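Following: one structure in structure tokens, then a few remarks.
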């Protein structure tokens, strides 16, 4: 009997363009494959042993002759390619319509109303790179006290502010106001607080980012588990992505290292149920900044840490490693990419080497986890019988 499932999301670690990637401007995207070629090969023996190189060609990660994990890749069935859409689909919510995006900035009337509600003007209001826009407008922000509002190709309303100009709690307050306003036709997936520090010419974003997401439309896997007495422990930004819905225990983190450390502590503990972890740095620090070397280094760091996680797995544990979308740092775009995501499933009671093929939806994870805990979930197709030794 399985008592615990650890679900690790390597944020943005896509494995090749989906058939409709061209519709999203993402033709040729292949986050892991392209990174491996750009850096002259990746050293990831532990992920390689699981079977990562059996999913797609990855330079430096050859296919394993006898993979220790069951492996495959998953297509995104929902419309979109953002964090919220990907995680919600993993939990069984298929989005038929994408969240709204604003390539030309937000409507003037919406911004005017927002300024009135927060009691100050705003700067920016355009699609931009987060690091670029604080360099462009940071000095003016420090003079005026006006927050910087911007978006991207994703469905986000981002508010950047220097921590010494607009303290964190005030930044979070004005983000909550935006979240309350952005409903109906303007229901963006996330409002994101983007605090930064430093001086003009050397601004840097801090680790105090906070996401304010919509609530999922209807019950997710997390709700089903929690309603049936199964603990759901959210590590990193998982709680924010689901607006707290179905989360029974939340552990905040600031980056990959803390996410890995706190996840390991949980796996060494007696906590059961679902441990749902997001490792954000791949996307936030490297994918969006078109930094393949940094992304590759972070992947190799994760790989070096994995044996500690493997050693912490108990007899009744299952480990699932996947991603929520792509964010190919080798393409001109700095935004997410519409890609397949990897699927690796391992544990002492899990078959090694089972080829799970191409799954039609991320929701297959929801159906599988529900079946593991003896519950039914009507979305997705479980692969549990294909991987369970019992």
Out of 124, 138, 92, I need the residue that is in contact (Cβ under 8 Å) with a residue 24 or more places away in the chain, outside any helix (DSSP H, G or I) and either more than 24 Å from the chain's Cα centre (by Cα) or surrounded by fewer than 19 Cβ atoms within 10 Å (Cβ to Cβ) (or both). Which one?
124
Can you say whether residue 25 is modelled with pLDDT under 95, surrounded by fewer than 18 Cβ atoms within 10 Å (Cβ to Cβ) and assigned by TED's automatic domain parsing to the domain that holds residue 237, as far as the supplied structure shows?
yes
Can you tell which of 62, 57, 98 is more than 17 Å from residue 364 (Cα to Cα), touching a residue at least 12 places away in the same chain (Cβ under 8 Å), surrounded by fewer than 23 Cβ atoms within 10 Å (Cβ to Cβ) and not assigned by TED's automatic domain parsing to the domain that holds residue 381?
98
Which pairs turn up if I take residues in the range 101-113 that are at pLDDT 95 or above and look for partners that are assigned to a loop (DSSP other than H, G, I, E, B) with beta carbon separation below 7 Å, at least 6 apart in sequence or on another chain?
111/122
Looking at the range 103-120, which of its residues are surrounded by fewer than 21 Cβ atoms within 10 Å (Cβ to Cβ) and either within 24 Å of the chain's Cα centre (by Cα) or assigned to a loop (DSSP other than H, G, I, E, B) (or both)?
103, 104, 105, 107, 119, 120
Being assigned to a helix (DSSP H, G or I) and either without any contact (Cβ under 8 Å) to a residue 60 or more places away in the chain or crowded, with 22+ Cβ neighbours inside 10 Å (or both) narrows it down to one residue among 170, 185, 164; which is it?
170
If we scan the range 250-266, do we find a residue that is without any contact (Cβ under 8 Å) to a residue 12 or more places away in the chain, more than 26 Å from residue 85 (Cα to Cα) and either part of a helix (DSSP H, G or I) or not assigned by TED's automatic domain parsing to the domain that holds residue 189 (or both)?
yes
With respect to residue 42, determine if the residue is crowded, with 21+ Cβ neighbours inside 10 Å and farther than 24 Å from residue 366 by Cβ.
yes
Looking at the range 173-182, which of its residues are assigned to a helix (DSSP H, G or I) and surrounded by 13 or more Cβ atoms within 10 Å (Cβ to Cβ)?
173, 174, 175, 176, 177, 178, 179, 181
Residue 3 vs. criteria more than 21 Å from residue 337 (Cα to Cα), surrounded by fewer than 22 Cβ atoms within 10 Å (Cβ to Cβ) and touching a helix residue (DSSP H, G or I) at 6+ places or on another chain (Cβ under 8 Å):
no
For the range 201-236, which residues satisfy the criterion of being within 28 Å of residue 133 (Cα to Cα), touching a helix residue (DSSP H, G or I) at 6+ places or on another chain (Cβ under 8 Å) and not in a strand (DSSP E or B)?
201, 203, 208, 209, 214, 236
Tally the residues that are over 14 Å from residue 243 (Cβ atoms) and either surrounded by 15 or more Cβ atoms within 10 Å (Cβ to Cβ) or assigned by TED's automatic domain parsing to the domain that holds residue 243 (or both), restricting the search to the range 198-218.
5
Exactly one condition in (1) farther than 15 Å from residue 5 by Cα; (2) touching a residue at least 40 places away in the same chain (Cβ under 8 Å); (3) buried (at least 22 other Cβ atoms within 10 Å of the Cβ) is not met by residue 239; state its number.
(2)
Could you tell me whether residue 268 is under 30 Å from residue 141 (Cβ atoms) and more than 16 Å from the chain's Cα centre (by Cα)?
no
Are there any pairs with C-beta distances below 8 angstrom linking a residue in the range 10-22 that is over 19 Å from residue 344 (Cα atoms) to a residue that is crowded, with 22+ Cβ neighbours inside 10 Å and modelled with pLDDT of 95 or more, with the two at least 6 apart or on different chains, and if so which?
20/338; 21/29; 21/337; 21/338; 21/339
Would you mention how many residues in the range 267-280 are assigned to a helix (DSSP H, G or I) and either surrounded by fewer than 20 Cβ atoms within 10 Å (Cβ to Cβ) or out of contact with any strand residue (DSSP E or B) (no Cβ under 8 Å at 6 or more places or on another chain) (or both)?
1
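The values are calculated or read from the model by the stated rules, or taken from the named source; none is laboratory data. Nothing here was measured: the structure is a model prediction, and the numbers come from that model. Please note: Cβ atoms are built from the backbone with ideal geometry, for glycine as well, and neighbour counts cover all protein chains shown.
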